[in-house]
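Taking it in order: structure first as structure tokens, then the write-up.
The values are calculated or read from the model by the stated rules, or taken from the named source; none is laboratory data. In this text the structure is predicted, and so the values were computed from the model without any measurement. A quick note on method: Cβ atoms are made from the backbone with ideal geometry, for glycine too, and the neighbour counts reach across all protein chains shown. Side chains are part of the model used for accessible areas, which takes the heavy atoms of the whole protein and leaves out ligands, DNA and RNA. Shrake-Rupley method; radii C 1.70, N 1.55, O 1.52, S 1.80 Å.
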Amino acid sequence: MDSLSQQHSNALPKYFIISSETRNELKTSSPILIHKSIISIAGEVKSIKKLSNGNILIEVLNSKQAEHLKKLEKIGNIKVTVSPHHTLNHLKGVVSESEFQRDLEEDLLECLKTQNVIAVKRITIKRNGQIFPTKHLILTFNNPVLPKNVKIAYINCPVKPYIPDPLRCFKCQKFGHTTTACRGNKEICARCSLPDHNSQTCKSTTQKCYNCSADHPSYSRSCPRYKLEKEIQTIKITKKNLISRSSSNSP
């Protein structure tokens, strides 16, 4: 294994969830008791946060703390389990390299497994009803810190943060949530902004964006509100990536 692969394959989970075996038992537990229980087995960790459901979110400083924390079985008289957080230990990045435009996702993943990559998805574009592959690849890393580059075969590829599209509800057309979390009472058409029908059944001759009232559909990427939401996403992810890199380099 070369030095680049070795560097990436050493990553371990940094974020853990402590949950009680009986629902909500930790919700009313004393922060002092929780803190004492954690430091007695793992030492002073980077951060401790009690979530709204009572579970405890822990960020450890190193792999030694992670190993000790996994051995925690009780907080006071409450039986607990410790497990890696489902999403915080993963991060997505983008690689753009025309040399790999014809390669299959599974072949690329095979090359990247030793660098903490657990999924590869190619970005495609649609033109005239046809789907075409691009040179851009979304890599999912089993690591809360995004590497600066990865090596595919003999080519070093820079990795950029992946900025997902802003969440837009397909029911009410507002940004910030999905249809399953929507609290709106009426379905709003993404094409004309009128209620009680969708864009597939819309018969309006005019278009109107629900979010900015301009003459384009609510799903248009030229919408000023969409661009603002995308910029907010970019700032958040870039800031998170910088903080993660900084903390990983700290002694």
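Annotations for the structure displayed:
- Only one of the listed residues (A11, A66, A42) is surrounded by 18 or more Cβ atoms within 10 Å (Cβ to Cβ) and at pLDDT below 90. That residue is A11.
- Boolean, N116 is crowded, with 19+ Cβ neighbours inside 10 Å and under 19 Å from I237 (Cβ atoms): yes
- Within the stretch 119-139, restricting attention to residues that are loosely packed, with under 14 Cβ neighbours inside 10 Å and among the aliphatic types (A, V, I, L, M), the residue that is farthest from L12 (Cα to Cα) is I131.
- Looking at the stretch 74-162, the strands (runs of 3 or more DSSP E) lying wholly inside it that each contain 3 or more residues that are within 30 Å of L26 (Cα to Cα) and touching a residue at least 40 places away in the same chain (Cβ under 8 Å) sit at 78-84.
One line per residue, one yes/no per condition, for (1) under 16 Å from L69 (Cβ atoms); (2) not in a loop (DSSP other than H, G, I, E, B):
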| residue | (1), (2) |
| --- | --- |
| F16 | yes, yes |
| S19 | yes, yes |
| T22 | no, no |
| L26 | yes, no |
| S37 | yes, yes |
| I48 | yes, yes |
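- Scanning the stretch 193-206 for residues that are assigned to a loop (DSSP other than H, G, I, E, B) and closer than 16 Å to F170 by Cα yields S193, L194, D196, H197, N198, S199, Q200, T201, C202.
- Residue match in the stretch 220-227 (condition: in contact with a helix residue (DSSP H, G or I) (Cβ under 6 Å, 6 or more places away or on another chain) and over 30 Å from E97 (Cβ atoms)): no
- Residue within the stretch 52-60 that is of a type in the set (A, V, I, L, M, F, W, C) and more than 20 Å from P144 (Cα to Cα) present: no
- Test result for S52, open to solvent by 50 Å² or more (accessible area, probe 1.4 Å), without any contact (Cβ under 8 Å) to a residue 60 or more places away in the chain, not in a strand (DSSP E or B) and not assigned by the TED database to the domain that holds P158: yes
- Of all residues in the stretch 155-167 being at pLDDT 95 or above and of a type outside the set (A, V, I, L, M), the one that is farthest from the chain's Cα centre (by Cα): N156
- Number of the exception - E187 against (1) within 21 Å of K227 (Cα to Cα); (2) in the same structural domain as Y219 (by the TED database): (1)
- Considering each residue of the stretch 213-230 in turn, at least one proves to be closer than 30 Å to L109 by Cα and modelled with pLDDT under 95.
- Residues that are within 30 Å of Q115 (Cα to Cα) and out of contact with any strand residue (DSSP E or B) (no Cβ under 9 Å at 6 or more places or on another chain) within the stretch 157-207 comprise just one, D165.
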